[in-house]
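Below is one structure; the comments refer to it alone.
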Amino acid sequence: MKLKYSLFSRRQFLNGLLGGWVAALMGSLVYPVIAFIFPPYKEPDEVILPFADFKGMAPGEVRIFAWGSKPGLLKKNEDGTLWAFVGVCTHLDCNVAYLPDQKKFFCACHEGWYDEYGKNIGGPPSTPLRRLSLVIEGQDLIIKKEAPE
Amino acid sequence: MNIKDLGPGLQNWLDDRLGLSAIMDFMKKKPVPQTRHSIWFYTGSSILLFFAIQVITGFMLILYYNPTLEEANASVGRIMTEVPLGWIIRSVHSWSATFMIAIVFIHMISIWLIKSYRKPREITWLTGVLLLGISLFFGFTGYLLPWDDLSLSATKVGTDIPRSIPVVGAWVTSLLRGGEDVTGDTLTRFFGIHVCILPIFILILLAIHIYLIQKQGMSLPLKEEVAKKEVRNIPFWPNFIYREMIVWLILVGILFTIAIFLPPSLDRQADLMAAAPEGLKPEWYFLFLFQTLKIFPAKILFFHGDTVAVLLILLGFLYIFFLPFIDNKPTEFKGKIITWSGYAFIIYAIIFSVWSLL
Amino acid sequence: MMARNSRMVVCLSLAIFLLTVLAPVSLDARQEESAQESQTVEKKAAEGIQAAEQDIAEKSQPAEPKAETTGQSEENEAAETIVPAPKNQKEAIGIYVFLIWIWLSIFVLIYVLRLKVKESDRIYQLKFFDK
């Protein structure tokens, strides 16, 4: 199909080519800048701790370990099992504390409450505390990201 | 409302408030003379291009750099290994510094040789020489920031040189170092100078320099001015800008290619107690000064060789700084000698730089 | 004729510029190589002397540990130098693609800009805007 009149003049084509290609060039430079400025946050895949540090825990006791740059909470339940949580409130990322006399986790920032199994029971948090998987291998306690069920 | 009206509409909105059309009219009318020497006009905007690249890559690097004695080297290491494409950004910053200082030297030499500093452009020259000094100081302070053995030793030598100046020498050295020796305090000081103090000064001086160039217009080489012939001009916008863009594109291409294939590496953290490493040398733009200091013997008559050398270098700098006032009769024989001194400076700088590497 | 002259000047100054920038780099590499060569020559000489003096047990013993420790510290130094490189093959290929895109863009844009230069010069000569 041959057009009767051109869609644009040669000058417009050239100007469009120049402007458009310069814009594309600038756009291609934006990606490396963005990639540089927003580094990927790396959570550790697993953390290995010496089990000896956590042997003498009483039931209902909570100890802190390092999960990357966040606190991890290791809790010995009443039935003797060990659970690991990421000790960060699911509302707005404040660090939570364990109140042993109330058997609850408490976030002081906006008064969020979790029960002794990490389930959210009061305040703004809408999801339970994140759990981590625990394995004891010989002398080591290996804590990994919880596998999705 | 047509989408075609969006562009002009926005332009008019801004123009009503900022008066930008006055600037555009000025740029369209500003004549750029086309003579044999007009090629050197491209050096000015090329410097601005590399300076802009330095600012942008500098903004990015400062997000991760840690200016403390314990973490400086490690943070640069993290930039190179953990941050995505960090090694390229650091490489571009390092090479762009080299390119910028090289073109600053070419710019100054070209103006020296065609004598653009004649009346009324003396202040433009003075601000320009100060800009050269600031650029070199940028390079000197930036070189220490990775805090490895080589940069520590180079800084020790570099900050020791002013000590040879009589009367104020020791004071200048301790001002630069933040104490008697090069320590973590020196790093803090150099970092502050590199990212805060010098940028403010360079922006002020650049503003004055560029304002004066616009106000006084482009200079004519001596021959054309004397002959008073009609010189062919082209308007700055868009004719000269299109030509400048071609130069910028080529320079950016060369910069990226060199930065990707010859990136700088990072040595281990500096050890304040270790002996100076072998093969110690400053950045390339200081090599000729380094060699000049080396050739002077320890004692000349009653004076320390160092003192004589440093005073000679200072004298040379003052000669360059006051060149417009020294060259008050550019058309006569004195003017020719000053032109020859420009060529002599080029030859001296190249020979001494190469000599210091052998 | 002016175009040819300016082209020559551009090529010449670009060459000088690249020389001033790249000369220190290349000379430096050569210096390192010759330094390494002299080091290996010295090492061989030292070993030769050690072999000759092996009859005298007392002299050879302190010499050997020194050679070993310097070798180790050199290795440590080499390991502590971070050499920048792309993290994986995907990143390396991405960088090459980026470089090719940059140079392709440069050639296309210079072609278009040269046309724009000729156009704007012609318009100016015709004094299109001066009425």
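The values are calculated or read from the model by the stated rules, or taken from the named source; none is laboratory data. Being a predicted model, the structure only gives us computed values, none of them experimental. Positions of Cβ are generated from backbone atoms using ideal geometry, with glycine treated the same way; all protein chains shown enter the neighbour counts. All accessible areas refer to the heavy atoms of the entire protein, side chains included, with ligands and DNA or RNA removed. Shrake-Rupley method; radii C 1.70, N 1.55, O 1.52, S 1.80 Å.
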Within region C:99-129, count every residue that is more than 10 Å from chain B (Cβ to nearest Cβ) and part of a loop (DSSP other than H, G, I, E, B). 3
For region A:60-82, how many residues meet the condition of being open to solvent by less than 80 Å² (accessible area, probe 1.4 Å), assigned to a loop (DSSP other than H, G, I, E, B) and out of contact with any Phe, Trp or Tyr (no Cβ under 7 Å at 6 or more places or on another chain)? 5
Specify the residue that is surrounded by the most Cβ atoms within 10 Å (Cβ to Cβ); the eligible residues are those in region B:203-245 that are assigned to a helix (DSSP H, G or I) and of a type in the set (Lys, Arg). B:ARG243
Pull up region A:1-57, narrow it to residues that are among the polar types (S, T, N, Q) and within 12 Å of chain B (Cβ to nearest Cβ), then point me to the one that is farthest from B:TRP87 (Cα to Cα). A:GLN12
Would you check if there is a residue in region A:113-133 being in contact with a Ser or Thr (Cβ under 9 Å, 6 or more places away or on another chain) and part of a strand (DSSP E or B)? yes
Subset of region A:63-94 [of a type in the set (S, T, N, Q) and in contact with a Lys or Arg (Cβ under 8 Å, 6 or more places away or on another chain)]: A:THR90
Which residues, taken from region B:152-184, are under 22 Å from B:ASP267 (Cβ atoms), in a helix (DSSP H, G or I) and open to solvent by 40 Å² or more (accessible area, probe 1.4 Å)? B:LYS156, B:VAL157, B:ASP160
The correct count of residues that are at the interface with chain C (Cβ under 9 Å from one of its Cβ atoms) and either touching an Asp or Glu at 6+ places or on another chain (Cβ under 6 Å) or β-branched (Val, Ile, Thr) (or both) in region B:242-280 is 10
Does B:LEU48 satisfy the condition of being outside any helix (DSSP H, G or I) and more than 11 Å from chain C (Cβ to nearest Cβ)? no
Of the residues in region B:51-73 that are open to solvent by less than 40 Å² (accessible area, probe 1.4 Å) and among the hydrophobic types (A, V, I, L, M, F, W, C), the one that is farthest from the other protein chains (Cβ to nearest Cβ) is B:PHE51
Looking for something within 14 Å of chain C (Cβ to nearest Cβ) and at pLDDT 95 or above - is there at least one such residue anywhere in region B:125-139? yes
Would you pick out the residues in region C:100-131 that are more than 15 Å from A:LEU14 (Cβ to Cβ) and at pLDDT 95 or above? C:ILE100, C:TRP101, C:ILE102, C:TRP103, C:LEU104, C:SER105, C:ILE106, C:PHE107
Which residue pairs have Cβ atoms closer than 7 Å, lie 6 or more positions apart in sequence or on different chains, and pair a first residue in region B:34-63 that is over 17 Å from B:ILE109 (Cα atoms) with a second residue that is open to solvent by less than 20 Å² (accessible area, probe 1.4 Å) and part of a loop (DSSP other than H, G, I, E, B)? B:THR35/B:PRO221
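Just to be sure before I move on: is B:TYR143 of a type outside the set (Asp, Glu) and assigned to a loop (DSSP other than H, G, I, E, B) in the structure I sent? Give the derivation first.
On the way: of a type outside the set (Asp, Glu): yes; assigned to a loop (DSSP other than H, G, I, E, B): no.
No, not satisfied.
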Could you tell me which residue of region B:11-33 is most open to solvent (accessible area, probe 1.4 Å), considering only residues that are in contact (Cβ under 8 Å) with a residue 40 or more places away in the chain and not aromatic (Phe, Trp, Tyr)? B:LYS29
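Yes or no, residue by residue, for (1) surrounded by 11 or more Cβ atoms within 10 Å (Cβ to Cβ); (2) β-branched (Val, Ile, Thr); (3) within 19 Å of C:LEU115 (Cα to Cα); (4) free of Cβ contacts under 8 Å to residues at least 40 places away in the same chain:
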| position | (1), (2), (3), (4) |
| --- | --- |
| A:GLN12 | yes, no, yes, yes |
| A:GLY20 | no, no, yes, yes |
| A:ALA24 | yes, no, no, yes |
| A:TYR41 | no, no, no, yes |
